[in-house]
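See structure below.
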Amino acid sequence: MGRFLLRPKVSYDPARSRARPWRTETECVYLTDVPGVARKLVVPRGYDTDLASVPRVPGVYWRVGNTAVLAAIVHDYLYEFDPHGWGRKVADQVFLEAMTAEEDPPAATTRWIMYRAVRMFGGPAWRRYRRSK
């Protein structure tokens, strides 16, 4: 199972960017054990993120809002930069692994739902980042 070797300090500043108001003030280091890609991933200090993009739909946000913060930082970074060339499917697997490693959210079924949501709806974000590179 993967694990966080360094957890980042994160700051919030809505004036920074409405789309990405959170910033890592220290680096985040995650060691993944996803089959075939076991490797250390470093999210640098100063990385801007929106954390977990949870729809503001009644019930959905209540259930999963403000969860999976560390996993979301790693996932956002993998989507934006794909630094090891792992691709979208592995980025999503790392997201599930990181949520599981932290037990955040605590319920395994909620983690699975969040993973399935990024598998089903993360394609447009992934393609947008690939076009911008």
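The values are calculated or read from the model by the stated rules, or taken from the named source; none is laboratory data. All values reported here derive from a predicted model rather than from experimental measurement. Every residue, glycine as well, gets a Cβ built from its backbone with ideal geometry; the counts of neighbours run over all protein chains shown.
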### Message
Tell me yes or no: at least one residue of region 84-94 is assigned to a helix (DSSP H, G or I), out of contact with any Pro (no Cβ under 9 Å at 6 or more places or on another chain) and over 20 Å from TYR47 (Cα atoms).
### Response
yes
### Task
Mind listing whichever residues of region 85-113 are closer than 30 Å to ARG131 by Cβ, of a type in the set (A, V, I, L, M) and in contact with a strand residue (DSSP E or B) (Cβ under 7 Å, 6 or more places away or on another chain)?
VAL94, ALA98
### Query
Of the residues that sit in region 110-133 and are touching a residue at least 24 places away in the same chain (Cβ under 8 Å) and aromatic (Phe, Trp, Tyr), which one is surrounded by the most Cβ atoms within 10 Å (Cβ to Cβ)?
TRP126
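Give me the residue from region 110-133 that is small (Gly, Ala, Ser) and assigned to a helix (DSSP H, G or I) and, out of that set, modelled with the highest pLDDT.
Start the filter on region 110-133 by keeping residues that are small (Gly, Ala, Ser), which leaves 117, 122-123, 125, 132.
Cutting the leftovers down to assigned to a helix (DSSP H, G or I) gives us 117, 123, 125, 132.
Details: ALA117: 88, GLY123: 93, ALA125: 89, SER132: 80.
Ranking the qualifying residues of region 110-133, first place goes to GLY123.
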### Message
Return the residues of region 95-109 that are touching a residue at least 24 places away in the same chain (Cβ under 8 Å), not in a helix (DSSP H, G or I) and not charged (D, E, K, R); say none if nothing qualifies.
### Response
PRO105
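Identify, from the list TYR30, TYR77, the residue that is in contact with a Gly (Cβ under 7 Å, 6 or more places away or on another chain), outside any loop (DSSP other than H, G, I, E, B) and modelled with pLDDT of 95 or more.
Values: TYR77 fails: in contact with a Gly (Cβ under 7 Å, 6 or more places away or on another chain).
Checking each option against the conditions leaves just TYR30.
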#### Entry: Criterion: in contact with a strand residue (DSSP E or B) (Cβ under 9 Å, 6 or more places away or on another chain) and assigned to a loop (DSSP other than H, G, I, E, B) - qualifying residue of PRO14, PRO8, PRO35
PRO8
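Hey, among the residues in region 17-26 that are part of a loop (DSSP other than H, G, I, E, B) and under 18 Å from ALA52 (Cα atoms), which one's nearest to the chain's Cα centre (by Cα)?
Going residue by residue through region 17-26, those that are part of a loop (DSSP other than H, G, I, E, B) are 17-21, 25-26.
Restricting the remaining residues to those that are under 18 Å from ALA52 (Cα atoms) gives 17-21, 25.
Values: SER17: 18, ARG18: 18, ALA19: 15, ARG20: 13, PRO21: 15, GLU25: 16 Å.
That would be ARG20.
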### Query
Say we look at region 32-44 and pick out the residues that are closer than 16 Å to ASP76 by Cα and hydrophobic (A, V, I, L, M, F, W, C); which of these is surrounded by the most Cβ atoms within 10 Å (Cβ to Cβ)?
VAL43
#### Entry: Which listed residue is farther than 22 Å from ARG131 by Cα, at pLDDT below 95 and surrounded by fewer than 14 Cβ atoms within 10 Å (Cβ to Cβ), from TRP22, TRP62
TRP62
### Message
Can you tell me which of (1) surrounded by fewer than 23 Cβ atoms within 10 Å (Cβ to Cβ); (2) under 11 Å from the mean Cα position of the chain (by Cα); (3) charged (D, E, K, R) is the one GLU103 doesn't meet?
### Response
(2)
### Task
Restrict the check to region 10-18 and report whether at least one residue is surrounded by fewer than 16 Cβ atoms within 10 Å (Cβ to Cβ), at pLDDT 85 or above and of a type in the set (Lys, Arg).
no
